[in-house]
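What follows is a single structure, written as structure tokens, with notes after it.
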Amino acid sequence: MNIQRFTGEAEWIQASMNVVLGAYRAALGHAPIGTFRLALSGGATPAPIYGALANQQLTALELYQVDERCVSRDDPESNYRLINESLLKKLTIPPKEFHAFKATPPTEAAIQESLKIYENQLFDLADHPFDMTILGIGADGHIASLFPGTPALKEKKRLTAHTQTDRFKIKNRLTLTLPAILASRTILVLVKGREKEGVMEELEHGKKGIHEFPARALGEHGNCIVHFLL
């Protein structure tokens, strides 16, 4: 795991953009696909990176959602809304596709149907994984919507899961699982704020396992880059 620390936001954004664009150039050279498959997290932290990305003349861009809350797409809590406002609406070249979790009421039937639809769009990850996945890390060590102690952390085969948390306003979540995330060619983790210093300490030197601190799973990845803005 490559951890880099920054004290200025402009430097943090530029360094992160360099990683994204490097992965983009590498992806376009992968025959026969020639497509940049990018999985995006929601939340406020990656928004400046998405804004910078929107200014690039990127072709053959195929976007995926990392996770979503069980709310409508126009809800302020929606990750789709964040990605749409900070990136999709600003792109001068529209993406080839944006694969997103279907907005769904938090009923078991609707959730399972949404997971099934989305997972069918991920059928070829074994042969053509995400070129890059952008993640954050929560104060409790969660990544995507994989929270400490959730059964989804034990998933070995399925690419999507329904998770729940009592730590946040929106309890029900739809998320990629660790098999989908860790199959990515590159993982870029964006962390921001001095209040996350304890999270970084645990990530680097802590003893907690994956089920206590899900971000620990990132240590299993061979090309995971963490950019921490203090």
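The values are calculated or read from the model by the stated rules, or taken from the named source; none is laboratory data. These figures come from a predicted structure and were not determined experimentally. Quick reminder, even Gly has a Cβ in these numbers, built from the backbone with ideal geometry, and neighbours come from all protein chains shown. Heavy atoms of the whole protein, side chains included, go into the accessibility calculation; ligands, DNA and RNA do not. Shrake-Rupley method; radii C 1.70, N 1.55, O 1.52, S 1.80 Å.
Per residue, segment 132-182 exposes 41 Å² of accessible surface when a 1.4 Å probe is rolled over the protein heavy atoms with every protein chain present.
Annotation for segment 35-123: trypsin sites (Lys or Arg not before Pro) lying in DSSP loop with at most 11 further Cβ atoms inside 10 Å of their Cβ do not exist. Scattering from the chain was approximated by placing one identical point on each alpha carbon and applying the Debye formula without solvent; log10 I(q)/I(0) at 0.10, 0.13 1/Å stands at -0.41, -0.73. Do any of LYS102/LYS169; LYS89/LYS156; LYS96/LYS196; LYS89/LYS154; LYS102/LYS192; LYS171/LYS192 go past 31 Å between their Cα atoms, and which? Too far apart for the 31 Å limit: LYS89/LYS156; LYS96/LYS196; LYS89/LYS154. The DSSP beta bridges internal to segment 122-230 are antiparallel in roughly 40% of cases. Couplings for segment 181-196, taken from phi via the Karplus curve 6.51 cos²θ - 1.76 cosθ + 1.60 with θ = phi - 60°, read 5, 6, 7, 4, 5, 9, 10, 10, 10, 10, 10, 9, x, 5, 5, 9 Hz in order; Gly and Pro are left as x.
Rg/Rh for segment 155-216 (Cα atoms only, Rh after Kirkwood) is 0.98.
For segment 51-131, the Kirkwood estimate of hydrodynamic radius, built from reciprocal distances between every pair of different alpha carbons, is 13.9 Å. Result for the chain in a Gaussian network model with C-alpha springs under 10 Å: among ASN18, ASN84, ASN172, the largest mean-square fluctuation is at ASN18. The length gained by stretching the chain between LYS171 and LYS207 to full extension, at 0.36 nm per residue less their Cα-Cα distance, is 10.2 nm.
Can you pull the accessible area of HIS205 for me, 1.4 Å probe, Å² to the nearest 10? Accessible area, nearest 10 Å²: 120 Å². The loop-placed trypsin sites (Lys or Arg not before Pro) in segment 150-215, going by DSSP, that have at most 16 neighbouring Cβ atoms within 10 Å of their Cβ come out as LYS156, LYS157, ARG158, ARG167, LYS169, LYS171, LYS207, LYS208. For segment 87-186, what is the Kirkwood hydrodynamic radius in Å, using each pair of distinct C-alpha atoms? With all distinct Cα pairs of segment 87-186 included, I get 14.8 Å.
Taken one residue at a time, the phi angles of segment 165-173 give Karplus couplings (6.51, -1.76, 1.60, θ = phi - 60°) of 8, 9, 7, 10, 4, 8, 6, 8, 10 Hz. Gly and Pro are set to x. Each DSSP beta bridge with both residues in the chain is either parallel or antiparallel, and the antiparallel ones are about 25%. With the cut-off at under 12 Å, measuring from each backbone N in segment 158-185 to a point 7 Å along the Cα-to-Cβ line of ASN223 picks out 183-185.
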